[in-house]
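> I'd like to ask you about the structure that follows.
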Amino acid sequence: MKLQLQLFATPKTGTLTKIYISEKEYPTEEELDLIMYTEEIPAIEDPAEATSYQTTDMDGEEQSKGSKKATTPAIPVLYKSEQHDGLKEKADSNKSFYFFIRYPQSTCADGEEPLVKSFSAQMDLTGDTITAGDIIKDTLTLYRNSSVRESHGLPTAPVGN
């Protein structure tokens with residue numbers, strides 16, 4: 001089911017960074033669904049934890065880069081009920097989807113594509129509040145199940161695929 005998003009009202013809060021969802025890892029612009037408005041997009045991944053070590057011939061403990069722990073970002077989203085229904089249906093399916101976070105065009109030089117972070121995740125959508133102007137505020141929680149990739153513009157399939 002294609003999530004049809006239409007602009008019904010413009011909330012007073014939002015970011016210029018947009019988050020999209022798709023069933024495809026390498027979508028075209030037409031295959032992306034905009035998750036309408038976000039107040040903020042928290043960190044999608046945390047830095048690697050430190051691994052400490054010490055040997056008998058060392059004066060003190062030292063550290064090296066360890067592994068990254070899984071993160072579960074919770075993103076506040078704002079929209080109308082029709083948009084909520086489509087996203088809730090996807091969340092309730094328990095399927096993994098691809099998410100694309102596109103930075104604002106203003107963050108790159110002329111002629112360059114903005115940075116896009118992409119990853120696969122399952123999601124949960126929980127109700128939050130109804131704001132002034134009858135905009136629904138939900139919390140979109142992402143359970144990331146892939147690494148985060150960065151590209152300038154939408155990611156493209158590797159040659160030969």
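The values are calculated or read from the model by the stated rules, or taken from the named source; none is laboratory data. A quick note: this is a predicted structure, and the numbers were derived from the prediction, not measured. No Cβ is skipped: glycine too gets one built from the backbone with ideal geometry, and neighbour counts run over all protein chains shown. Surface accessibility is based on the protein's heavy atoms, side chains included, excluding ligands, DNA and RNA. Shrake-Rupley method; radii C 1.70, N 1.55, O 1.52, S 1.80 Å.
> Comparing G60, G111, G127, which has the greatest mean-square fluctuation in the GNM of the chain with Cα pairs linked when under 10 Å apart?
Looking only at G60, G111, G127, the largest GNM fluctuation is found for G60.
> Hey, can you find the accessible area per residue of segment 21-161 for me, probe 1.4 Å, expressed in square angstrom?
Working: 8220 Å² over 141 residues.
Heavy-atom SASA per residue in segment 21-161 reads 58 Å².
> Give me the dipole magnitude in Debye, nearest 20, for the chain about the Cα centre, with unit charges on the beta carbon: positive for Lys and Arg, negative for Asp and Glu.
Working: 16 positive and 27 negative charges, 84 e Å.
Computed charge dipole of the chain: roughly 400 debye.
> Could you grab the relative contact order for the chain? Cα pairs under 8 Å, six or more apart, rounded to a whole percent.
Numbers: 305 pairs, mean separation 38.6, N = 161.
Rounded, it is 24 percent for the chain.
> Explain nothing, just compute: Karplus ³J(HN,Hα) = 6.51 cos²θ - 1.76 cosθ + 1.60, θ = phi - 60°, for every residue of segment 144-155 in order, whole Hz, x for Gly and Pro.
Couplings: 5, 10, 8, 6, 8, 10, 10, 8, 9, x, 4, x Hz.
> Then there's this: When the chain is modelled as a GNM with alpha-carbon springs shorter than 10 Å, which of D138, D110, D33 fluctuates the most?
D110
> Tell me the carbon and sulfur percent of the accessible area for the chain, rounded to whole percent, probe radius 1.4 Å.
Working: 4660 of 9770 Å².
Carbon and sulfur together cover 48 percent of it.
> Further question on the same structure: Identify which of K18, K80, K65 has the largest mean-square fluctuation in a Gaussian network model of the chain, with springs joining Cα atoms closer than 10 Å.
Judging by the Gaussian network model, the answer is K65.
> At 222 nm, what helix-only mean residue ellipticity would the chain give, in deg cm²/dmol to the nearest 500, using -39500 (n - 2.57) for each DSSP H run of four or more? Please list the in-between numbers first.
Numbers: 1 runs with 12 residues, N = 161.
My calculation for the chain gives -2500 deg cm²/dmol from helical runs alone.
> Right, here's the next one. What do you get for the angle between helix 81-92 and the principal long axis of the chain? Use alpha-carbon atoms, 0 to 90 degrees, nearest ten.
Here the helix axis deviates by roughly 40 degrees.
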